[in-house]
Amino acid sequence: MYTVIDGHLHISGDMSEKDCLQDLLELGGLDGINIASMPKGIGYDFHHANDRALQLKRAYPGKIFAFGGLDYSDAGYRSGKVDFAKQAHALFDAGADGIKMIEGKPDARKNLGIPLDSPLFDSFYAYMEKKLRPILFHVTDPKSFWDRAQIPDWAVTAGWFWGDGNYPSREQLYAEVGGVLRKFPGIKIIFAHFCCMWENPADIGCSLDQWPNICVDITPGTPMYYGFAAAPDRWRPVFERYQDRLIFGIDNVGTCKEDKPAHLASCLQRLTNVRKFLETDEPVFAGRGLKLDAGTLKKIYRDNFQRMIAR
């Protein structure tokens, strides 16, 4: 019924990914998948797969999209010796559709060692703004990840407690990305995971109203959909008002090895649950779905992503 593009999926360069992506396309009813390759050199090398993402894009023309990650393996970038605009230009020449940045996640930002709005990035952001190329940008994390009393156990196990004084605060990270937007107001940014603003509709609304060129993807930060589903009448107006600014994504990992059946089943279940939340008002995520109309779903599922990658 709907043409659906998953705008946010990661890979790790494993050769079995081609089969896994084919299964996700066919069994998940997807018409496209965007591979988000991570940066190299700041702690996320296991998902830095620019070449593999571009290879898969060539293998599935019109079905696979690719956002490349920047390379920080030359530590000279902190003194201005690395040209990030040149890196982006090379990725686009090779066929990339955008750039993926996880540099705003607290551990990545700590390892990065420079602010997100550092002048060292100015030529890169200026290039992206001029060329109308999008950035899929992970900025900050849920509030609870800075609070030992509230952080979920699974996040502690993942090593995502940021409240010990060794990581930047949420406020600092939001301030830095605000600096980027003020310097480059025409830049096209898709903020991942609702920009971690799912506690209060007013927060995300204020940001979207202030910066008309940005979008957010609705990839499920784990607590996010439980909050949405617990208060559908509170959140439905947000999805309807900002239907031109929301981009569908699941944040699956397209790597299937010996656990392929279980992994694939988990990926498909995440996809099914999010679509059920958007398309119906049936029980899901311990609450109820939004049952959005067909026109709104069309924009969220396909049109908004295609507009962001268009030049």
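The values are calculated or read from the model by the stated rules, or taken from the named source; none is laboratory data. Here the structure is a predicted model, which means the values were calculated and not measured. So basically every Cβ, Gly included, is an ideal-geometry build from the backbone, and we count neighbours across all protein chains shown.
Remarks
- Residue within segment 26-38 that is of a type outside the set (Phe, Trp, Tyr), surrounded by 19 or more Cβ atoms within 10 Å (Cβ to Cβ), under 16 Å from the mean Cα position of the chain (by Cα) and farther than 30 Å from residue 294 by Cα present: yes
- Flag not set for residue 52, criterion: outside any loop (DSSP other than H, G, I, E, B), touching a residue at least 12 places away in the same chain (Cβ under 8 Å), among the charged types (D, E, K, R) and surrounded by fewer than 18 Cβ atoms within 10 Å (Cβ to Cβ).
- Qualifying residue in segment 210-233 (condition: closer than 23 Å to residue 266 by Cβ and of a type in the set (Asp, Glu)): yes
- Taking the listed residues 73, 123, the one that is within 26 Å of residue 171 (Cα to Cα) and either at pLDDT 95 or above or among the aliphatic types (A, V, I, L, M) (or both) is 123, with no other qualifying.
- Which listed residue, of 237, 220, is farther than 26 Å from residue 128 by Cα, in contact with a helix residue (DSSP H, G or I) (Cβ under 8 Å, 6 or more places away or on another chain) and part of a loop (DSSP other than H, G, I, E, B): 220
- When the test is whether a residue is within 28 Å of residue 283 (Cβ to Cβ) and modelled with pLDDT of 95 or more, residue 201 does not pass it.
- Reported count of residues in segment 237-287, each being over 20 Å from residue 36 (Cα atoms), modelled with pLDDT under 90 and either crowded, with 17+ Cβ neighbours inside 10 Å or of a type in the set (Asp, Glu) (or both), is 2.
- Members of segment 139-197 found to be small (Gly, Ala, Ser) and at positive phi, listed by number: 159, 165
- Of all residues in segment 211-225 being among the polar types (S, T, N, Q) and modelled with pLDDT under 95, the one that is surrounded by the most Cβ atoms within 10 Å (Cβ to Cβ): 213
- Given (1) part of a loop (DSSP other than H, G, I, E, B); (2) touching a Phe, Trp or Tyr at 6+ places or on another chain (Cβ under 9 Å); (3) surrounded by fewer than 22 Cβ atoms within 10 Å (Cβ to Cβ); (4) not aromatic (Phe, Trp, Tyr), index of the condition residue 205 fails: (1)
- Note on segment 45-67: residues that are touching an Asp or Glu at 6+ places or on another chain (Cβ under 9 Å) and under 14 Å from residue 10 (Cα atoms) amount to 9.
- Pairs linking a residue in segment 259-281 that is part of a helix (DSSP H, G or I) to a residue that is of a type in the set (Val, Ile, Thr), with Cβ atoms under 6 Å and 6 or more positions apart or on different chains, are 270/250; 271/250; 273/284; 276/284; 277/284.
- Pick from segment 38-49, criterion out of contact with any strand residue (DSSP E or B) (no Cβ under 8 Å at 6 or more places or on another chain) and assigned to a helix (DSSP H, G or I), ranking: farthest from residue 99 (Cα to Cα): 46
- When segment 185-198 is filtered for residues that are farther than 17 Å from residue 145 by Cβ and either surrounded by 21 or more Cβ atoms within 10 Å (Cβ to Cβ) or at pLDDT below 95 (or both), the ones remaining, listed by number, are 187, 188, 189, 190.
- Any hit, segment 288-310, residues being without any contact (Cβ under 8 Å) to a residue 40 or more places away in the chain, touching a strand residue (DSSP E or B) at 6+ places or on another chain (Cβ under 7 Å) and of a type in the set (Lys, Arg): no
- For residue 228, the conditions (1) assigned to a helix (DSSP H, G or I); (2) surrounded by fewer than 22 Cβ atoms within 10 Å (Cβ to Cβ) all hold with the exception of (2).
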